[in-house]
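Undergrad: Please find one structure pasted underneath; my questions will follow.
Just so it is clear, none of the values below were taken in a lab; they were calculated from the coordinates. Since this is a predicted model, take the numbers as computed values, not measurements. Counting neighbours? That spans all protein chains shown, and the Cβs are built from the backbone with ideal geometry, glycine included.
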Ligand code: 3HC
Ligand code: NAI
């Protein structure tokens, strides 16, 4: 099946790439292009060829969906396609509009001529997938736009507007108006003037003092590349363009590309790329589900969360009415929002005009009557079911029919909240993370009765306010917090057995977590976990907890807010200082329990904490609370400081090998006697089938 259409326009053959959504250069499309070139070459009536894409994209590059499958490298691979085009005896012209990225840009560089519209988006973004341009981009781009500009483009992966590259050998002409007509006119000129065919590979390349330049680049890039190997390899490949003949440079590029393709870092980035896009799709909610119009938003509660939530909508140009019970609380909430914007202004991230615009869209109120026109109302009041009940009953009275009623609850039962109203189909959980104006994650909690169009609307709204929305079913803690509870629980046992909070945090942070579990506890407030545990002791007495955390809380060591928690904090400073008093308390505690402390390795710390996430994640998948493993990973990547280069807990388990993970879990079960560590049935099943989680 061809994904390229062939048509004659006079003496020019037009090959239109037709592989929606973005003309990924998959196997069928590659075959289609080659078939078109062959047909044009064989037809004496054809004097030139134009390659063109859709309005949206010339091409978004290699088809990432094919990566890892035999189709990815099946002939004609992208190299062969480009070689065939380059060797064609008739002029081949790339007509570039919309997005032109990665392999798409490399395809264009293989053509003899390139014309473009002014606002096409040109990029070599492979580095963002942990790769480097693998079809000649590192060798050809420096030849047309210069070494420095090309290196910038390749190492950053950022798109550049085509007009910014005017005057370089990348483009032969810019087209005003219809791209195809312009390209055909250009083709006519090329033929009439008998212009010689230009091959980018033949362009001479030089750079004075290149050794010093590349050394400087390496020093700069090393600092920002972190655990990712690709950026440094990009430099190696571009340097080869200068130091080696073209074909040898291509070989260097190919070797490095294949090396990177096999790295866990690249797999993690590709997983996150698709994970983010897949998360927005709900299996039983069709993509064409009509959505409700959201033009005005109401927020109840002007506290920590209400303020942050409000800012998201103001930033997206959606007016908000914010309700509080008392004028004082309302004034305080509004003042905090203004202060946040002023801080952004001081940092040069916001203009006074924008600040005024945003504050102008915010209205404070103490009357529910002001919610009459709201299309979406989000509640962020105290976390008490009685308070939520009063709020939702009131909303049921005042909100217009069809308004979406959302709760930001982090622990309460969304179904129960929905049933406080006579319209549970309009009720949904929108669980933002603190600080809500900064954190990317939004857990969208789907109640038993939540209507499909409500889900579709909320997912669309999330995109507008630039959140990564992931759907969760209703359960205690939803996806993220249900998992983190076990992570914290396991970390507690590590202390009991001999580790210190600082040792655990250091091991986890070295592994890549933005914050270890104890620093995180101090930041969020240890009293929150304490309250949950107290509830668990009654509701689920079978779950074991290390009780040392309770002892800490009994002493008022809630964390940063009380100046003391697992660590010490100096006034106005968030730096966690290890506290010998806590270490002593721990020692006394172990003695009381008759535990002889043992030395615990960093590897064990990491395995126990991360596998706790994996095991509970697998149970969440099995329960249908999450639709897919990648949804769980997106939650951890965007809401819990999980390292991007590891791709999330579920992908990490696959990288370690699910069999190995299950074995470790069984060992932990045997040594601790904690039934939590029995591998989740889903893990057992997948291991037996030789399958992975993701
Ligand atoms: N291959 C396959 N599918 C792709 C794709 C690609 N290269 N790029 C995007 N898509 C898909 C997305 O998965 C999504 O699919 P869905 O609708 O089924 O979820 C759809 O295209 C639209 O993507 P976005 O939602 O991201 O749409 P936007 O309009 O916001 O962005 C884009 C479009 C700028 C092309 C963006 O998707 C993007 O940056 N894509 C990645 C481009 C890239 O990295 N290309 C390099 C690939 S590697 C390569 O070329 C190797 C070569 O050097 C050998
Ligand atoms: P907060 O205490 O900072 O703010 C709550 C605000 O609601 C207060 O300003 C209070 O005056 C107001 N309020 C209370 N009852 C009200 C009522 N009946 N009508 C109008 N206003 C009322 O609390 P926070 O942290 O903002 O939490 C709010 C909700 O968000 C809770 O459900 C909490 O579980 C949830 N949440 C909190 C997170 C956090 O990290 N703080 C993270 C995610 C969710």
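Undergrad: Output the qualifying pairs, or none if there are none: Cβ atoms under 7 angstrom, residues six or more apart or on different chains, first residue in the range 406-421 and within 16 Å of residue 304 (Cα to Cα) and in contact (Cβ under 8 Å) with a residue 60 or more places away in the chain, second residue assigned to a helix (DSSP H, G or I) and more than 7 Å from ligand 2 (Cβ to nearest atom).
TA: Note: pairs meeting the criteria are 408/309; 410/481.
Undergrad: Output the residues belonging to the range 304-331 that are farther than 15 Å from residue 407 by Cα, near ligand 2 (Cβ under 8 Å from one of its atoms) and part of a helix (DSSP H, G or I). Write out each step before concluding.
TA: We begin by selecting, within the range 304-331, every residue farther than 15 Å from residue 407 by Cα; these are 311-321, 324-331.
Then drop every residue that is not near ligand 2 (Cβ under 8 Å from one of its atoms), which leaves 324-326, 329.
Matches in the range 304-331: 329 only.
Undergrad: Kindly indicate whether any position in the range 603-623 is more than 26 Å from residue 675 (Cα to Cα) and in contact with a helix residue (DSSP H, G or I) (Cβ under 6 Å, 6 or more places away or on another chain).
TA: Step one: of the range 603-623, the residues more than 26 Å from residue 675 (Cα to Cα) are none.
Within the range 603-623, not a single residue is more than 26 Å from residue 675 (Cα to Cα) and in contact with a helix residue (DSSP H, G or I) (Cβ under 6 Å, 6 or more places away or on another chain).
Undergrad: Hey, another quick one. Among what's in the range 437-446 and is outside any strand (DSSP E or B) and in contact with a strand residue (DSSP E or B) (Cβ under 6 Å, 6 or more places away or on another chain), pick the residue that is nearest to ligand 2 (Cβ to nearest atom).
TA: In the first step, residues of the range 437-446 are kept if they are outside any strand (DSSP E or B); the result is 437-440, 446.
Adding the requirement that they be in contact with a strand residue (DSSP E or B) (Cβ under 6 Å, 6 or more places away or on another chain) leaves 440, 446.
Values: 440: 14, 446: 17 Å.
So the residue we want is 440.
Undergrad: I've got another one for you. Kindly indicate whether residue 42 is surrounded by fewer than 23 Cβ atoms within 10 Å (Cβ to Cβ) and under 21 Å from residue 201 (Cα atoms).
TA: no
Undergrad: Residues being over 22 Å from the mean Cα position of the chain (by Cα) and assigned to a loop (DSSP other than H, G, I, E, B): count how many of those fall in the range 271-298.
TA: 11
Undergrad: Only residues that are in contact with a helix residue (DSSP H, G or I) (Cβ under 9 Å, 6 or more places away or on another chain) and within 13 Å of ligand 2 (Cβ to nearest atom): list them for the range 333-354, please.
TA: 333, 334, 336, 337
Undergrad: Next question, about the same structure. Pull up the range 383-412, narrow it to residues that are near ligand 2 (Cβ under 10 Å from one of its atoms) and outside any helix (DSSP H, G or I), then point me to the one that is farthest from residue 462 (Cα to Cα).
TA: 384
Undergrad: Moving to a separate point now. Is at least one residue of the range 104-120 touching a residue at least 12 places away in the same chain (Cβ under 8 Å), surrounded by fewer than 18 Cβ atoms within 10 Å (Cβ to Cβ) and in contact with a helix residue (DSSP H, G or I) (Cβ under 6 Å, 6 or more places away or on another chain)?
TA: Scanning the range 104-120 turns up at least one residue that is touching a residue at least 12 places away in the same chain (Cβ under 8 Å), surrounded by fewer than 18 Cβ atoms within 10 Å (Cβ to Cβ) and in contact with a helix residue (DSSP H, G or I) (Cβ under 6 Å, 6 or more places away or on another chain).
Undergrad: Now, a different point. For the range 266-294, give me the residue count where each residue is closer than 21 Å to residue 436 by Cβ and out of contact with any helix residue (DSSP H, G or I) (no Cβ under 9 Å at 6 or more places or on another chain).
TA: Selection size over the range 266-294: 0.
Undergrad: Still on this structure: Say we look at the range 421-436 and pick out the residues that are surrounded by fewer than 20 Cβ atoms within 10 Å (Cβ to Cβ) and within 14 Å of ligand 2 (Cβ to nearest atom); which of these is nearest to residue 343 (Cα to Cα)?
TA: Across the range 421-436, the extreme among qualifying residues is 435.
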